[in-house]
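Inspection log for the structure reproduced underneath, given as structure tokens.
Only the coordinates and a few stated rules stand behind these numbers; no lab work does. Predicted model, so just to flag it, every value in this text is computed and none were measured. As a convention, Cβ positions derive from the backbone with ideal geometry for all residues, glycine included, and neighbour counts pool all protein chains shown.
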Amino acid sequence: MIFEGTVRDYFWSPKFIPPILENAIMEMLNWTAESCQKANLNPELYIKETAIELQLGLVNYIYDHMVHLDQVFRSKGNRKSVKRVEVYDDKVPKMHKLVEQYAAAVNLISVAPKETATAQAKQDIPPAKRWWIPTCFGKIIEKGLYIFTKSFWDSVLERWGPKQ
């Protein structure tokens, strides 16, 4: 396979990876909010932490991996012979902003009813419940990569897979 022209354009197009990544981001933020509700925790801090982990973990990892694949495919194995695609000027900041917007929306949806019902929702989380953040970091990245990978292959098979 030659990685140029239409194939490469589609690989970098906003219609291929970004929607898959957006889906994973939204599912992870919703999962965080639901987990907080089940544990009777104020989700604000956890949603913020999840957003940071998604930005620094999932988004950066996916785009770094895309750059690596692009170099390998274009160079036919000697990736240092071709120039890297710069994603940190445009693509990554856009996705980071999208994570922030989704996190704010999920936070508003999940916190709003509790804030009107009780002033306790605005208090900091007690130290005894702070274990949740480091414990769930691995789960957040693992689940995000799972969702991303599944959506990625569904998209690839839909576009280039066997036609029925």
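Spin-label model, Lys97/Asp9: points 7 Å from Cα along the beta carbon direction are separated by 2.5 nm. Remark: the Ile52-Glu34 segment gains 4.7 nm on full extension, using 0.36 nm per residue and subtracting the alpha carbon distance. Relative to a virtual label point 7 Å from the Cα of Asn23 in the Cα→beta-carbon direction, which members of region 53-90 show backbone nitrogen distances below 13 Å? Within reach of a label on Asn23: no residues. Is region 39-112 best put as rounded, prolate or oblate by its Cα gyration tensor, with a ≥ b ≥ c the root eigenvalues, rounded for a/c under 1.5, and otherwise prolate when a/b is larger than b/c, oblate when not? It is prolate, given that a/c is not under 1.5 and a/b is the larger ratio. Looking at region 1-69, the trypsin sites (Lys or Arg not before Pro) that sit in a DSSP loop and have at most 15 other Cβ atoms within 10 Å of their own Cβ are Lys15. Simple point charges give the picture: +1 on the Cβ of Lys and Arg, -1 on the Cβ of Asp and Glu, and for region 27-108 a dipole about the Cα centre of about 580 debye.
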